[in-house]
Amino acid sequence: KVSYTLCLGGLSFFVFILLTVTGIFLMFFYRPTAVNAWDDIHALQTSVTFGLLVRNMHRWGAHIMVITVFLHMARVFYHGAYKAPREFNWVIGVILLVMTLMLSFTGYLLPWDQLALWAVTVGTNMIGYTPVLGNEVRFVLLGGAEIGTDKLI
């Protein structure tokens, strides 16, 4: 039986390709320094031809990617497709889901605005409360004890 949810893996791959292409385009107009980050994003939106369109495609694509990967994993779990002989596929899928969430989270930091600062502050503080290695993981993610201007690189 063919279902609409059958295409979620392919849709996730298509969105990944879209994010790769738009990300490469955006990379040419962005400098990862605290002094230039917000100005570069603003200039991209106002001065670069189709810059606002490409940035919004990238931003919305990131949101859609998280949703489609999560729904794909939920479908695989619901249908029991993680069972033998596909355990390795399930592990790879979980790793890709975690990587998708981490990349989406780090994308919030790039404009270096108030939303970015507080999203990273809250996210890394949550990680810091994880038992056993939480503070060490937080330190590694931040590259130090606090969020600073050198965290964009």
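Here are some notes:
- Label zone at Tyr78 (point 7 Å along Cα-to-Cβ), backbone N below 18 Å, the range 1-34: 1-12
- All-pairs Cα distance distribution in the range 32-153, expressed in whole percent, bin size 5 Å: 2, 10, 15, 16, 16, 15, 12, 8, 4, 2, 0
- Computed from the alpha carbon positions, the gyration tensor of the range 113-153 leads to an equivalent ellipsoid with semi-axes of 18, 12, 6 Å, biggest first.
- The chain: DSSP helices with Cα axial extent of at least 24 Å and average Kyte-Doolittle hydropathy no lower than 1.0: 8-27, 87-107
- A run of the chain free of exposed loop cleavage sites, with chymotrypsin sites (Phe, Trp or Tyr not before Pro) counted only in DSSP states other than H, G, I, E and B and at most 10 other beta carbons within 10 Å, reaches its longest extent at 51-128.
- Were the residues from Met126 through Ile67 laid out at 0.36 nm apart, the gain over their Cα-Cα distance would be 19.1 nm.
Values in this text are rule-based calculations from the coordinates and carry no lab data. A quick note: this is a predicted structure, and the numbers were derived from the prediction, not measured. Glycine gets a Cβ as well: all are built from the backbone with ideal geometry, and neighbour counts include every protein chain shown.
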